[in-house]
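Each remark here refers to the structure printed beneath this line.
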Amino acid sequence: MSVAASADQEEQPRPVRASVLGSGEFVLPYHRDKDVRSFTFDARAAPYSRPLPGIPGGLPTDARGTVTVSHYSAERDITYTSKGRVDCLVTGVRTATLTAVITEVSPGGPPNVGKRVGFSVYDGGDGKGEGKGRPKDRVGFSWNGVNLLPKGTTPPEEAPVGTCMAPAPYAPVTKGGYVVAHAELPSPPPSPKGSTEPAGPAPK
């Protein structure tokens, strides 16, 4: 058996669809406090499944799933939670960005229902030792001062978040972790027989 053939047999098969799964707590590197923050992701690629005006076939980045945001405020001694519906997912090797539209916020939480928010994930691999989780994982998110729109001499406003837009994963995960399954963005499916509409967006 050739070396090339042996390497091909040992190569792990790529997933048919990309996904980001898991739950983890993280800390802000620029602001240490006693709050407890966590994200839970169940995001799975669903290419060309969300038609848009002018793009009837949807996009290769279309996705489905849920996001749960939890924030325990030590100052107020209360936990706020938000839930969102995933609408976009892009992956690379051990990395991902995804967005979700918030559908539910617990009492006292921020008025974010209907707002799109962005997340990034870095999958650092398995931790070494039982109970240590995945200590090299990291996350990022599109609020808390990282997505501002400067306006000259007036205070900056938070900018809207487009699909799959998120900053780099800057916050270290301290408990739990995430698994990113990478898959290349697929080509659009063939147009239905007799249809004059493209199945997906044409490359520019």
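The values are calculated or read from the model by the stated rules, or taken from the named source; none is laboratory data. As the structure is a prediction and not an experimental result, all values here were calculated from the model. Cβ coordinates were reconstructed from backbone atoms using ideal geometry, including for glycine residues, and neighbour counts include every protein chain displayed. Accessible surface is based on the protein model in full, side chains and every heavy atom, while ligands, DNA and RNA are left aside. Shrake-Rupley method; radii C 1.70, N 1.55, O 1.52, S 1.80 Å.
So which residues in region 32-55 are part of a loop (DSSP other than H, G, I, E, B) and surrounded by 15 or more Cβ atoms within 10 Å (Cβ to Cβ)?
Residues satisfying the conditions are D35, A46, P47, Y48, R50.
Out of (1) assigned to a loop (DSSP other than H, G, I, E, B); (2) among the hydroxyl-bearing types (S, T, Y); (3) at pLDDT 95 or above, what's the single condition that is false for S23?
Here S23 meets the rest and fails (1).
Are there any pairs with C-beta distances below 8 angstrom linking a residue in region 5-32 that is within 16 Å of G140 (Cα to Cα) and acidic (D, E) to a residue that is open to solvent by 70 Å² or more (accessible area, probe 1.4 Å) and at pLDDT 85 or above, with the two at least 6 apart or on different chains, and if so which?
Final answer for the pair search is E25/T174; E25/K175.
Look through V139, V161, V173, V146 and report the one residue that is farther than 29 Å from L59 by Cα and open to solvent by less than 70 Å² (accessible area, probe 1.4 Å).
Criteria check complete, one pass: V173.
Pick from region 72-113 the residues that are among the aliphatic types (A, V, I, L, M), touching a residue at least 60 places away in the same chain (Cβ under 8 Å) and open to solvent by 20 Å² or more (accessible area, probe 1.4 Å): which of them is farthest from G125 (Cα to Cα)?
Checking each candidate, the answer is V90.
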